[in-house]
């Protein structure tokens, strides 16, 4: 097992390198003078010269990459001229908020998605199934940012039971109950789409598995229906659901961009949107790289869980 | 010293799968599918290749028609060296030798009509114009006892036995000298199986063909082949005329194989 | 043309599949999909007609009329903060969103499918390089890469379109590659190569037509997303730039007025929802219509016990261990129910082996599965007859009673042990589970019992093999596990459904010998389903020959085989080549065919 984890960890290295190359190359997409773009309003000739020197913009692309990645590995993501602070500091301040939001949403979507999927497969064509199918369909068709606005209108404006924005109350607060209170709306909004996807896939996987020969064997052994469904079928179905949850981590991390904007959640997503509109390229680069790296590790985790379930994958 | 009567001459043929270098300088697991095989298919005969799973019989067949490249060794197909044929491309193989697959349904493209399927070899291998193609298609359908209106239909409209007849017609369309029959009746029910075997036997005489007949079913092999070659884990363990081999097998494995075959003996 | 062939063609015509409904009919039969289709049709029509509809200019501002409520005069849906007519803006925004979403989806589908086709067909290094690149793109959280691209190119609708398209390429590439790899290994591709087709021709004329439905399915299920994502980028202010507006940017602009004039943002939001919902409904319908597995209704969940709806439950005085009387099993289809087993009767006594032989479609396996209600239902229904085990009518029992019977009184051995054993549990655990299903004994006792069973079926080194997973064993070993599982509760009857068909001959001989020994040692009754007369001759005391769901002939094995009474049995036996018969066999077949033709 440790051997397998080690192998997966090693395999993650080229992926991370590839990620960093793509993120780096985005700079090369910038039309015009990158130093000018990075500095924006702060572009004095001295500043431009400084950025050119720091990033090696006068050198060849591969050289620039090595300079950049070398700096990144040392924790130097460059400087945000708009915020006037190092990129890493800004990211570290906000990364926790995004992890809390995305992590909660991922847990919610896994639990409710899998439960709804199973319920809907087991009671196929019954009212549970219809209800789940309908909710799932609405969930995946509703833009999450619009859903966020609707929930704010209902819970914050109409009924005034939950806060409309922020992570903590402005006065007082700052403790865990306060955080949870603020977390409910954004986390639920973020989880809705992912829940729909997980539920759909769990349902399909369960129905697929229930048709397999080995389920018939389990029945022929005289196992009761619950053992057949919740032991034999569920375990086999989970093998295909786990990687989907890994992929949902990506949707949740990406979707945080909208939710953080709508709910003014102080995370990396909101930061990225602001940074893009102010053309703060280095901040975008750093933020994207960190979130993508986090995603790689979540997927790694999903791989390991999947291999624990399925012995055929370990070889 | 070429045997003028040889349809296929195989010399020291070997096929190894795997054994590729990996990223860290190691080698992936090697499988010797065919080991140093020397064998001849004479003109006009039916040579059966018999073996169980893992015996390498399908690999041999795929190499002979150019779908797989040998690791070493040489083959002469209807007098021409296979490496020459390989250089000329798949069409060069197709003109001399054709293949009939085990699963007839899988061997027909589900999205093409039978006419379209037959047209490919007629145009590409024989270079016929459309009038000639049409005429030949009718003849081919007739040769395999299928109605001409089958040409407008799709593969899923036919049963296994009919699909295999169509697949045989496609192989015949290339007017080959040699046919490789890879378990052509294994997927078929017994009653259909007998009819297809009979058809193959008749076609062989009619079109002056040589057959390489691959099968795991000894009774079927005995009924259609002139000579039999028994394979075990990639090696040719015994070869001889069908009558002799079944009456008095020499090799231990052949004996075991014959003893294992379920037999229907009625006095 | 030989006479034999005409009989054959006539015979197999009967089992040619019936005509299928077209994809379009299937789509329109699906109410939800049809609804999605018509909503989309209306929306597209409105988008096309927009220039000639009597609407005000969507970009004309009129501060005097700002924030007019819904249903105000001249402004059906009111006006926004700059006094622009929301209905007019909704129409133009809808058009922009649709065009951008569909264009992005077409671009992604084209490049993604191209990459997938090339990688899947070429394999090897090309595949490796292309797919590693795709993996890199997939390694980004979905929308983040799009953000990064927009960040570099600058905000704008066109840039958003490119970004969304690029982000979706991997999805198509992966899907299409998977399908292509499967297709490229299929026999018809090899056959096309031997027909003289080159690589490009094979990809375009053999593989692409088979991949096309998948591309369409993938597109129809992703267009909705892409519209959502472009709307999302616009919502964030990174897509459409003022004065141009799509639904997303309208929503984004309205957001600041959420508390004062919520309708300004709710209207475009609802519109996005309606569009995406109807596309998703349509997409699901398209998928169901084009996916042949769903067409066959394969995804309905089978119940624990086959549905029983008997017209009659005849009684029999036969005191044998297993008595089947007038069993009729049918399958529900779109055109009503068709019987697969049409009233067959047989009995099986202790220590006896009965062979049930027939060709495909004869109903022999359905019969075997019917006995304990294991036919998948839907679509299976037991429509008549009785199965009596020790005189008790199985189909008259409650569900739990039937389940309790399975594996205890009557056990099954199935055909292909690789698919019939659970891939994720060790073989030891699976047999232990079978033991504990009917015996209240501790796990360690059950484990010991399992080891005994493994020894009884001659699995070498059972302590160690018990911890193996099915994929780690050979076919013969797996089938021994299957037999051990069947023996777990000392059943009286074993139903073996083609237990040796997936095995090599030498292994088959061993398994048959094992079954024969066990039967003698334990006095088991064995119902043996097979298509192979040789196997029947070897192990069965009696045989019943089945055809089209009926038993045409039954009796003592040797009698039936040496002196068949029914024409079908005669013909079938004549079609089996016998050892030592040699080429004589084909001459006999030729004669037989001529006789059938003349008589």
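Quick notes on this structure:
- Rel. contact order, % - alpha carbon contacts under 8 angstrom, at least six apart, chain C: 13
- Cβ neighbours within 10 Å from other chains - mean over C:538-544: 1
- Antiparallel %, DSSP beta bridges [both residues in chain C], to 5: 55
- Rounded to the nearest 10 degrees, the angle from helix A:176-210 to the longest Cα principal axis of chain A is 50 degrees.
- At the listed q of 0.09, 0.13, 0.18 Å⁻¹, the Debye profile of region C:410-597, built from one uniform point per Cα, gives log10 I(q)/I(0) equal to -0.41, -0.74, -1.15.
- The angle between the Cα long axis of helix C:208-235 and the main principal axis of chain C comes to about 40°, on a 0 to 90 degree scale.
- The alpha carbon radius of gyration of chain A, expressed as a multiple of 2.2 N^0.38 Å, is 1.19.
- Test item: C:153-159 mean partner chain Cβ contacts at 10 Å: 2
- Computed over the protein assembly as shown, the ratio Rg/Rh where both radii use C-alpha atoms and Rh is Kirkwood: 1.01
- Average Cα contact separation per residue, chain A, under 8 Å, 6 or more apart, as relative contact order %: 26
- For region C:109-177 and region A:1-37, distance of Cα centres in Å: 15
- Set against the 2.2 N^0.38 Å expectation for a compact globular protein, region C:115-170 has a Cα radius of gyration ratio of 1.30.
- The ellipsoid equivalent to the alpha-carbon distribution of region C:69-206 has semi-axes of 44, 19, 10 angstrom, derived from the gyration tensor eigenvalues as √(5λ) and listed largest first.
- Counting DSSP beta bridges with both ends in region C:410-597, the antiparallel % (nearest 5): 40
- Here region B:145-250 was treated as a single set of alpha-carbon atoms; its pair distances binned every 5 Å from 0 give 2, 10, 21, 21, 18, 14, 7, 3, 2, 1, 0 percent.
- For chain C, alpha-carbon Rg over 2.2 N^0.38 Å: 1.32
- Chain B: relative contact order as a whole-number percent, Cα under 8 Å and 6+ apart: 25
- Among beta bridges from DSSP that stay inside the protein assembly as shown, the antiparallel ones total about 55%.
- Helix C:443-456 vs. chain C, principal-axis angle (Cα, 0 to 90°, nearest 10): 60
- Take the convex hull of the alpha carbons in region A:184-291; its mean projected area over all directions comes to 8.5 nm².
- Helical contribution to [θ] at 222 nm, DSSP H n ≥ 4, -39,500 (n - 2.57), averaged over the protein assembly as shown, rounded to 500: -18000 deg cm²/dmol
- Within 10 Å of the Cβ of each residue in B:45-56, the mean number of Cβ atoms contributed by other protein chains is 1.
- Relative protection proxy for C:50-62, B:74-86, from highest mean packing down: B:74-86, C:50-62 (other beta-carbon atoms within 10 angstrom).
- Packing rank of C:246-257, C:423-434, A:58-69, where each peptide gets the mean count of other beta carbons within 10 Å, highest leading: C:246-257, C:423-434, A:58-69
- When the Cα convex hull of chain B is projected onto planes of every orientation, the mean area is 16.9 nm².
- Distant alpha-carbon pairs in region A:2-73 (separation over 21 angstrom), percent: 39
Where a number appears in this text, it was derived from the coordinates with a stated rule and is not lab data. Since the model is a prediction, treat every value here as computed from it, not as a measurement. Cβ coordinates were reconstructed from backbone atoms using ideal geometry, including for glycine residues, and neighbour counts include every protein chain displayed.
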